[in-house]
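The values are calculated or read from the model by the stated rules, or taken from the named source; none is laboratory data. Just so it is clear, the structure is predicted and the values come from calculations on it, not from any experiment. Cβ placement follows ideal geometry from the backbone for every residue including glycine, while neighbour counts extend to all protein chains displayed. Ligands, DNA and RNA are stripped out before the accessible areas are found, and what is left, the full protein with its side chains, is counted by its heavy atoms. Shrake-Rupley method; radii C 1.70, N 1.55, O 1.52, S 1.80 Å.
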Amino acid sequence: MKFYCAPNTISIATAITLEETGLDYEPVKLNFVSGDQTKPAYHAINPKGRVPALVTDQGILTETGAILEYLATLSPKLNLVPQNPWDAAQMRAVLYYIASTFHVNHAHRKRGYRWADHESSCKDMTAKVPETMGQSCAYIEENCALSPFVMGAHMTLADPWLFTICTWLEGDGVDIKTFPKLSAFYDMMNTRPSVGAVHAMGLIT
Ligand SMILES: N[C@@H](CCC(=O)N[C@@H](CS)C(=O)NCC(=O)O)C(=O)O
């Protein structure tokens with residue numbers, strides 16, 4: 001599989017999951033500074049101009065949630081999606097929250113132009129980021145197990161995804177240490193060989 005990614009983006013979650021599964025893949029790193037993601041060559045891979053994208057022998061898959069679920073299905077022994085239907089649904093509630101709220105809060109820092117045209121509107125959105133990211137951290141801290149993983153004793157798809165968001169917190173003006181469970185989770189994830197490999201790939205800088 002070819003895996004399109006870029007440093008310090010949500011594609012880190014896919015990279016960690018690929019490493020956890022041990023599946024064979026070839027990373028293709030885009031350079032966002034030179035705008036690789038906006039060019040026709042990449043739009044032929046992902047018309048949305050975003051990472052991640054995974055090129056499989058069945059076709060191209062985009063969206064972190066879809067990719068992670070696909071990787072979990074390819075590696076059933078890891079139980080990255082809990083077998084119990086209720087537990088799986090609970091985990092997906094966290095996934096959807098990360099995708100639809102937590103990540104979007106973060107995007108308001110530098111990508112306000114997606115939603116507004118006036119510079120003052122973008123500045124306003126940027127200024128709100130420490131508050132909204134802090135609120136999302138508090139939600140996770142108070143409502144997820146994080147002992148040691150998001151859902152409890154076993155690693156699931158929520159872990160690489162939440163870890164990726166944690167790598168953004170400092171830049172977003174949130175001190176992770178004010179959230180003890182989240183902070184311990186972040187430190188624990190940083191000790192995993194999968195995360196070490198993703199650091200070594202230069203995806204977390
Ligand atoms: N919902 C998508 C979001 C993907 C996304 O927004 N990726 C960002 C990086 S974190 C991106 O590629 N941005 C490029 C741009 O805005 O030009 C997913 O989770 O896969």
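Some observations on this one:
- Kirkwood Rh (inverse of mean 1/r, distinct Cα pairs), segment 2-78, angstrom: 12.6
- Annotation for residue 29 and residue 190: the two label points, set 7 Å from Cα along the Cα-Cβ direction, are 2.0 nm apart.
- Helical contribution to [θ] at 222 nm, DSSP H n ≥ 4, -39,500 (n - 2.57), averaged over the chain, rounded to 500: -15000 deg cm²/dmol
- Here the Karplus curve 6.51 cos²θ - 1.76 cosθ + 1.60, taken at θ = phi - 60°, turns the phi angles of segment 138-145 into couplings of 4, 4, 5, 4, 8, 10, 10, 5 Hz, with x standing for Gly and Pro.
- Length-normalised contact order for the chain - Cα pairs under 8 Å, 6+ apart - percent: 26
- Summary of packing: across the peptides 116-124, 143-151, the per-residue average of other C-beta atoms within 10 Å ranks them, highest first, as 143-151, 116-124.
- Cα gyration tensor shape of segment 18-167, rounded if a/c is under 1.5, else prolate or oblate by comparing a/b with b/c: oblate
- Translational diffusion of segment 85-192, estimated by Stokes-Einstein from the Kirkwood radius over alpha carbon pairs at 37 °C in a medium of 0.692 mPa s, is 229 µm² per second.
- Charge dipole magnitude, Cβ of K and R +1, D and E -1 - the chain, Cα centre, debye nearest 20: 340
- In sequence order, calculated HN-Hα J values of segment 119-135 (Karplus, 6.51, -1.76, 1.60; Hz; x Gly/Pro): 4, 5, 5, 5, 4, 4, 4, 4, 5, 7, 4, x, 5, 6, 5, x, 5
- Charge tally around residue 116: other residues with Cβ under 15 Å, Lys/Arg +1 each, Asp/Glu -1 each, net +3.
- Using R0 = 35 Å, the C-beta based FRET efficiency linking residue 175 and residue 89 works out to 0.65.
- Percent accessible area from carbon and sulfur atoms, the chain, protein chains only, probe 1.4 Å: 55
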